[in-house]
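See below for the structure under consideration.
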Amino acid sequence: MGVSTRKSKATSPKNARPEKRGHGSVRQKKKTKIQAKKAAFREKLKVEHASKASGKTKMKKKKRNEKKYTALNDMKSLAETLGDFGQHDSLAMKVTTVKTAKQRDRILQEEKERMSQVHGHPVFQSDPLKAVLGHLEATLPPPPR
């Protein structure tokens, strides 16, 4: 007796297939856009590869490095002129590379202790410049004659 007035699910617009609502064209647009991006990227890579193959970038880097180190080349000539003056193995400074914060803290603590010893020394307290000069005379070798 009861006639149903409900519509079937297939005719409902919410349950309609995406192709029928026009989403297929949006997918095609996305696909072509992605393909265009990929093609542009490939072209960019080809151009980069061609420029590197020509060697222009290597020459530019070489020129840049030459400009950077011209002052150091002048220092080399100065070092050649001076010879081995000032180069003593026994007095070579110890170069340490600090890799961790713990090492940095340890080195800092050692330097603080060393400075407190220097400041507490009676010669340094009476005349700091005389103390530094005396230290340098005691540690550096005599000048060459």
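Multiplying the residue separation of Lys30 and Glu137 by 0.36 nm and subtracting their alpha-carbon distance yields 30.6 nm. The overall shape of region 98-145 is oblate: from the C-alpha gyration tensor, with semi-axes ordered a ≥ b ≥ c, the ratio a/c is 1.5 or greater and a/b is no larger than b/c.
FYI, it's all coordinate maths here, none of it is from the lab. All values reported here derive from a predicted model rather than from experimental measurement.
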